[in-house]
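Enquirer: Here's a structure for you.
Bear in mind these aren't lab numbers, they're just calculated from the coordinates by the rules spelled out. Given the structure is predicted, the values throughout are model-derived calculations rather than measurements. Virtual Cβ from ideal backbone geometry, glycine too; neighbours counted across all protein chains shown.
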Amino acid sequence: MSCQQGLAHEYEQLRQAQFDPARRSTAPGQWQALVGKYRRALQNHADLETSRGLARALWRWSMALNAAGNAVGAVEAGRQAASEFDSVFRKTLDWDADERSPVVDEALAELLVARTDLAEMLAGAGALDERIRVLEDAREAGHSLEGGPRTRRALGTVHHNLSNAETARLLDAVRRGQGGIDPTVPTLSASRAVEIRQGLIDPRDPLTLWELANSYIQYLRCLGMVEELDRAVMVVNLAAKLIATMPAGTPADLRPQLDITVDMLRTAYPGHARQLAKAYQAGAAGRRPSRFGFRRPHRRPPYG
């Protein structure tokens, strides 16, 4: 067994231990030790596969540190992982100029996932501004070329999480009495997440349905902030219909979140309360209402 094969075997053993309830969970120190082995291997012989292995081990290490409550350590390991994945992506693109090839798709998708996870670790550590910068960088990287299906799925998560982060920044500014934060910014991010995830629906993969429904709910919150209630009525119907048809095996029931969001919109905009309720009921029953009663919007809706 070669050095590279041995490292890959050890990586897989540690990875499986994280998800096997019958085995002791992998401790951060085990991932740290594997990171050291990958670094020493690269000193002796630098190659793309070993660099990719190092990036993945760093990412797993950061996740293990985060699960153990070490936010500072998780962020540092996450930064290293994102940097290493970025290097792997650039080297892969130099080696294979086909932007839609499976190897380029995999490399870019892993970079986007690493940056997205780093952003959430930064949020946990209280670095909210850096969280948004990391997600913005991920967004730019994801749109830098025409990626394959794995890249598009990761990019949907980037836009969804960016909308959440931008919404949190907006609400924090409101609480502080600060202005200058445009509510259309998180709305555009949510709209883009919906658009991407609509194109990735796969009935054989319940998680794709859950991801789209989750983005519908975030989009609804944003539509309330920009007072686009006619569009919100339509999205309520789509979200309710999708959640009602989710098969067994879907990660979590999103109906409570949708209920809370619709109630919030009905309270904030009583003039649309009846339309929102009808759209929800029709969607949950698997149909579109006979009429939504749309009014011509006063301004162009915030498409992504």
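Enquirer: Within region 138-200, list the GluC sites (Glu not before Pro) lying in a DSSP loop whose Cβ has at most 15 other Cβ atoms in a 10 Å radius. Please list the in-between numbers first.
Expert: Numbers: sites: GLU140, GLU146, GLU166, GLU195; in loops: GLU146.
For GluC sites (Glu not before Pro) across region 138-200 that sit outside H, G, I, E and B with at most 15 neighbouring Cβ atoms in 10 Å, the list reads GLU146.
Enquirer: Given axes a ≥ b ≥ c from the Cα gyration tensor, I'd like to know whether region 1-127 is rounded (a/c under 1.5), prolate (a/b larger than b/c) or oblate. Let's see the in-between values first.
Expert: Values: a/c = 1.78, a/b = 1.20, b/c = 1.48.
It is oblate, given that a/c is not under 1.5 and a/b is not larger than b/c.
Enquirer: So which lysines pass the test for LYS241, namely a Cα distance under 20 Å, with those fewer than 8 places away in the same chain ruled out?
Expert: Correct list for LYS241: LYS278.
Enquirer: Another one. Going by a ≥ b ≥ c, the root eigenvalues of the Cα gyration tensor, does region 150-282 fall in the rounded group (a/c under 1.5), the prolate group (a/b larger than b/c) or the oblate group?
Expert: Working: a/c = 2.12, a/b = 1.21, b/c = 1.75.
It is oblate, given that a/c is not under 1.5 and a/b is not larger than b/c.
Enquirer: Counting trypsin sites (Lys or Arg not before Pro) as exposed when in a DSSP loop with at most 13 other beta carbons within 10 Å, what is the longest stretch of the chain free of them? Could the numbers behind the result be given before it?
Expert: Working: sites that count: ARG23, ARG24, ARG100, ARG176, ARG204, ARG287, ARG291, ARG295, ARG299.
Value returned for the longest uninterrupted segment is 205-286.
Enquirer: Relative to the present Cα-Cα distance, how much length would full extension add between LEU171 and ASP98 at 0.36 nm per residue of separation?
Expert: Details: separation 73, 0.36 × 73 = 26.28 nm, distance 4.20 nm.
Going from the current span to full extension adds 22.1 nm.
Enquirer: A further question follows. Quote the relative contact order of the chain in percent (integer), defining contacts as alpha-carbon pairs under 8 Å separated by 6+ residues. Don't skip to the end; give the middle numbers.
Expert: Details: 410 pairs, mean separation 32.2, N = 304.
Answer for the chain is 11 percent.
Enquirer: Can you put SER83, SER2, SER215 in order of Cβ neighbours within 10 angstrom, beginning with the fewest?
Expert: Details: SER83 15, SER2 8, SER215 27.
So the residues, fewest neighbours to most, are SER2, SER83, SER215.
Enquirer: Below 9 angstrom from the Cβ of VAL104, what's the summed charge of the other residues (Lys, Arg +1; Asp, Glu -1)? Don't skip to the end; give the middle numbers.
Expert: Values: positive: ARG100; negative: ASP96, ASP98, GLU99, ASP105, GLU106.
Local net charge: -4.
Enquirer: Going by how many other Cβ atoms sit within 10 Å of their own, how do VAL174, VAL185 line up, fewest first? Mind dumping the intermediate values first?
Expert: Details: VAL174 13, VAL185 19.
Ordered from fewest to most neighbouring Cβ atoms within 10 Å, VAL174, VAL185 come out as VAL174, VAL185.
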